[in-house]
């Protein structure tokens with residue numbers, strides 16, 4: 001409550017995607033379907049990796065962590081939006097809004113680093129196959145996952161700390177379907193120059209550094225694949241899947257957090273936000289499973305077991 005009193009407001013109003021009642025009904029069913037598909041798809045992927053011993057190596061360890069992040073990421077935003085639509089309520093408390101910002105930044109920033117480590121894993125597997133099990137051992141993978149979570153936690157904590165120091169005067173209307181940091185900053189009646197600096201520095205660390213690691217990894221992979229021709233179709237398949245996820249995730253995140261202010265409309269921002277908060281987490285398990293025979297085999301065995309039961 002201290003934060004609420006210091007900021008001068010105790011709640012925000014989320015306008016959502018539309019004020020049309022008929023369209024809201026359609027959006028509710030659509031986003032509910034997206035959310036169930038996201039949770040179910042990523043959960044099945046986690047279970048498949050867990051129960052199939054042939055998937056017990058680093059690539060699938062990273063993939064199961066990515067699926068867990070996607071479940072958490074979309075769960076921070078979509079259920080609240082569905083409740084607001086169902087109850088015809090647009091209010092969210094100031095504390096609830098900050099918590100939403102913190103956790104979606106935390107999960108998103110962690111995923112940025114995790115995707116870079118996944119690219120490094122593919123680099124080692126293809127460019128240094130004889131040393132793969134030594135370099136990407138269990139302890140190394142645990143360290144990489146830990147680094148992802150710790151760095152994500154630190155940077156998101158800095159973001160939310162400086163955001164909590166801002167003052168929002170009166171009842172604030174947010175033209176969005178969730179509390180997104182850029183939309184929130186624009187509504188503050190305080191000086192947000194420090195927040196912009198923190199966002200740019202954090203964005204540079206989380207976007208530029210991982211992207212450089214990803215580019216380095218895939219340039220080296222490309223050189224090796226050109227030399228070996230088509231003898232490693234499996235390697236090419238896993239790389240294509242990861243590249244697709246990287247392009248979707250980093251492309252939308254860069255647009256939202258690294259673009260100059262006032263260079264896009266609220267409608268555009270909402271559509272991009274829908275894509276990386278709802279659509280992308282739903283697509284990730286499909287992208288990996290459709291091009292990965294090992295995952296398809298594990299999911300097929302799960303289906304047979306469920307059918308027998």
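What follows is calculated from the coordinates using simple rules that are stated; it is not laboratory data. This structure is a prediction, so every number in the text was calculated from the model and none was measured. Cβ atoms come from the backbone with ideal geometry, glycine included; neighbour counts cover every protein chain shown.
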### Query
Which of the following residues is without any contact (Cβ under 8 Å) to a residue 24 or more places away in the chain, part of a loop (DSSP other than H, G, I, E, B) and more than 24 Å from residue 164 (Cβ to Cβ): 64, 18?
18
### Query
Which is surrounded by fewer than 17 Cβ atoms within 10 Å (Cβ to Cβ) and touching a helix residue (DSSP H, G or I) at 6+ places or on another chain (Cβ under 8 Å), of 125, 86, 116?
86
#### Entry: residue 148 vs. criteria buried (at least 17 other Cβ atoms within 10 Å of the Cβ) and in contact with a helix residue (DSSP H, G or I) (Cβ under 7 Å, 6 or more places away or on another chain)
yes
### Message
Looking at 26, 40, 99 in this structure, which one is more than 20 Å from the chain's Cα centre (by Cα), free of Cβ contacts under 8 Å to residues at least 24 places away in the same chain, surrounded by fewer than 20 Cβ atoms within 10 Å (Cβ to Cβ) and part of a helix (DSSP H, G or I)?
### Response
26
### Answer from 187, 207, 215 - the residue that is without any contact (Cβ under 8 Å) to a residue 60 or more places away in the chain and either more than 24 Å from residue 93 (Cβ to Cβ) or crowded, with 18+ Cβ neighbours inside 10 Å (or both)
215
### Query
Say we look at region 167-189 and pick out the residues that are part of a loop (DSSP other than H, G, I, E, B) and touching a helix residue (DSSP H, G or I) at 6+ places or on another chain (Cβ under 7 Å); which of these is nearest to residue 121 (Cα to Cα)?
180
### Query
Within region 131-139, can one find any residue that is within 23 Å of residue 65 (Cβ to Cβ) and outside any helix (DSSP H, G or I)?
yes
### Task
Please name all residue pairs, on different chains or six or more residues apart, with Cβ atoms under 7 Å, provided the first residue is in region 140-168 and is in contact (Cβ under 8 Å) with a residue 40 or more places away in the chain and the second residue is assigned to a helix (DSSP H, G or I) and surrounded by fewer than 17 Cβ atoms within 10 Å (Cβ to Cβ).
155/205; 164/3
### Task
Filter region 190-204 down to residues that are closer than 25 Å to residue 114 by Cβ and either touching a helix residue (DSSP H, G or I) at 6+ places or on another chain (Cβ under 8 Å) or surrounded by 17 or more Cβ atoms within 10 Å (Cβ to Cβ) (or both), then give me how many there are.
4
### Task
Starting from residues that are assigned to a loop (DSSP other than H, G, I, E, B) and more than 23 Å from the chain's Cα centre (by Cα), keep the ones in region 43-61 and report whichever is farthest from residue 107 (Cα to Cα).
52
